[in-house]
Amino acid sequence: MTERTPLLHYRLSTSVNESEPRSPPLGQAVVQHHGSPRQKAGHQRQPKKLSVFIGVVIPTLLSMFSVVVFLRIGFMVGHSGLYQAIAMLLVAYFIICMTVLSVCAISTNGALDAGGAYYMISRALGPEFGGSIGLMFFLANVCGSALFVLGLVEAIVATFGVPEDGSAVTSVYQVLQSGYWWSLLYATGISLLCLLVCLVGAHIYAKATFLIFLVVMFVLGTIFISFFAVHPHTIVLPSSAAFNPSANGTGPGFPTTANFTGFKLDTLLGNLWANYTVDYTTGTTMTFATVFAVMFNGCTGIMAGSNMSGDLKNPSYAIPRGTITAVIFTFIIYNLLSVLVACSCDRVLLQRDYSFLRDINIWKPFVTIGVYSSTFSAAMSNLIGASRILYALARDDLFGKVLSPAKKTSHSGNPWASVLLSWFLVQLVLFSGKLNTIASIVTIFFLLVYAAVDLACLALEWASAPNFSWMLLW
């Protein structure tokens, strides 16, 4: 009987877990090894494990609160209306809740180690099934990290970059050069910074994400306060949105200004129903499917906590409670923001200025700081998640000697070789240059992973696997 035999849940108790000391054999004196210098040195090298809040709740929240919450809430409400926006959130969270419950059910039915969803499913249904999920999830995290890095570069260039079309500079802060190679250079610098943080270890990553979490929560607080504290005023639309002629160049332009009306019933009534129009950034007409695809990218961080399973104090306890807490919190925030936006911003503002939260904030740089912090944290989360999955794949020898270099770890247990290999692949994806180029690929990978996780949980339930029960979740 080997690890390759599926449905052997009892073998989870004997899986390799460096963080838990093994009891001595029967009849052997405990003092013989307890006081040995080797064991003392090994015990001192054991890193401090992460708690539920630090290791699961914060990474999951920051992975879900990316550019969507700051730059695409108005896009969603402006095109689909409040009714369809809430319907989209319900559908999206129904999908991820099914996956969260499946992850929770699997994670509470045995011992866990590094590797997240791959480790759980490979020990439940065999490495052949788990390996396919692990490979997809690894590629999804690699592309996701590159996606957030490119999103951060676009935000930085939009604020500090010189216009590519050669138009006049409108701000003294626009000093950075624009273009494909310049953007690639900025993206490389950001990915190197993510690499340095992840090479130090999961605990420096946890401390960094905790500081970013405080910043993002503060920025979200200022956004909610701004809806009540800022007086109604007129906002000048971006130049790219203010004029969008027809194909022959003779069509009329769009309005150059829009209104932040404050809380008004007329504004709410005007934003209840869908009004799909042309997206000023791409020039294509939006539909329910395209708006939902953009919005769903803000729901793909639900496994950020399970990726840290090897660094948690008690993964079986932390993953279910931390993930469910983060999902409920983000669902409430998304719905509250959608309602506040629909009640206080006219439709022209929502459709023609996706960064309007910055324009209505009590201090505009707050939202800019929030965008930078959330995207950088999401990039780090995906990079460290990809490295943990790659390390678990390498340790199980599923691909033979191809991944043998990824087994190397530091004295504290940080898989630095896997981090380097993951960063190298992220760097290759960065050559795509544009966020929209890889956004659909990331969505497809994550949807495939979610479907596979749900299928694995269904297979365990139908097979009546021993030691598997949904009741263990509670």
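The values are calculated or read from the model by the stated rules, or taken from the named source; none is laboratory data. Because the structure is predicted, anything quoted here is derived from the model rather than measured. Using ideal geometry, Cβ is built from the backbone for each residue, glycine included, and neighbour counts are taken over all protein chains shown. For the accessible areas, the whole protein counts, side chains as well, though only heavy atoms, and no ligand, DNA or RNA atoms are used. Shrake-Rupley method; radii C 1.70, N 1.55, O 1.52, S 1.80 Å.
Excluding Leu460 itself, calculate the net charge of residues whose Cβ lies under 12 Å from the Cβ of Leu460, where each Lys or Arg counts +1 and each Asp or Glu counts -1. Write down the numbers at each step before the final one.
Numbers: positive: Arg123; negative: Asp454, Glu461.
The answer is -1.
Hey, can you grab everything whose amide H is under 5 Å from the amide H of Thr409? Only 5+ residues off in sequence or another chain; H modelled, so Pro and N-termini drop out.
Excluding prolines and chain starts, which carry no amide H, there are no hits.
Amide H neighbours of Asn259 under 5 Å, counting only residues 5+ apart in sequence or on other chains, H built in-plane at 1.01 Å?
Sorted by chain and number, the residues that satisfy this are Ile235, Asp346, Leu349.
Ordered by residue, what ³J(HN,Hα) values in Hz, to whole numbers, does the stretch 71-88 give under the Karplus form 6.51 cos²θ - 1.76 cosθ + 1.60, where θ = phi - 60° and Gly and Pro are x?
10, 10, 5, x, 4, 5, 6, x, 8, 9, x, 5, 4, 6, 5, 5, 4, 4
Measure off 7 Å from each Cα along the Cα-to-Cβ vector at Lys264 and Ser51, then give the distance between these two points in nanometres to one decimal.
Computed distance between label sites Lys264 and Ser51 equals 4.7 nm.
Would you pull out the residues with amide H under 5 Å of Leu312's amide H, same chain only if 5 or more places away, H placed 1.01 Å from N?
Counting only residues 5 or more places away or on other chains, the set is Leu50.
What translational diffusion coefficient, in µm²/s and rounded to a whole number, does the Stokes-Einstein relation yield for the stretch 310-446 at 37 °C and a viscosity of 0.692 mPa s, taking the hydrodynamic radius as the Kirkwood radius over Cα pairs? Mind dumping the intermediate values first?
Numbers: Rh = 18.8 Å.
D, rounded to a whole number, is 175 µm²/s.
Enter the accessible area per residue of the stretch 317-474 (Å², integer; probe 1.4 Å; all protein chains in place).
Values: 6480 Å² over 158 residues.
That works out to 41 Å² per residue.
Going by the alpha-carbon gyration tensor, a ≥ b ≥ c the square roots of its eigenvalues, is the stretch 173-236 rounded (a/c under 1.5) or, if a/c is not under 1.5, prolate (a/b greater than b/c) versus oblate?
Numbers: a/c = 5.10, a/b = 1.31, b/c = 3.90.
Here the stretch 173-236 falls in the oblate category.
Hey, quick one: spin label on Ala229, modelled 7 Å out along Cα-Cβ, who in the stretch 366-383 has an amide N within reach, i.e. under 16 Å?
366-370
Once you have a ≥ b ≥ c as the square roots of the Cα gyration tensor eigenvalues for the stretch 253-303, tell me rounded if a/c is under 1.5, and otherwise prolate or oblate according to whether a/b is larger than b/c. Don't skip to the end; give the middle numbers.
Details: a/c = 2.13, a/b = 1.39, b/c = 1.53.
Oblate.
If you bin the C-alpha pair distances of the stretch 343-385 every 5 Å from 0, what whole percents do you get?
Per 5 Å bin, starting at 0, the Cα pair percentages come out as 5, 19, 20, 17, 15, 11, 8, 3, 0.
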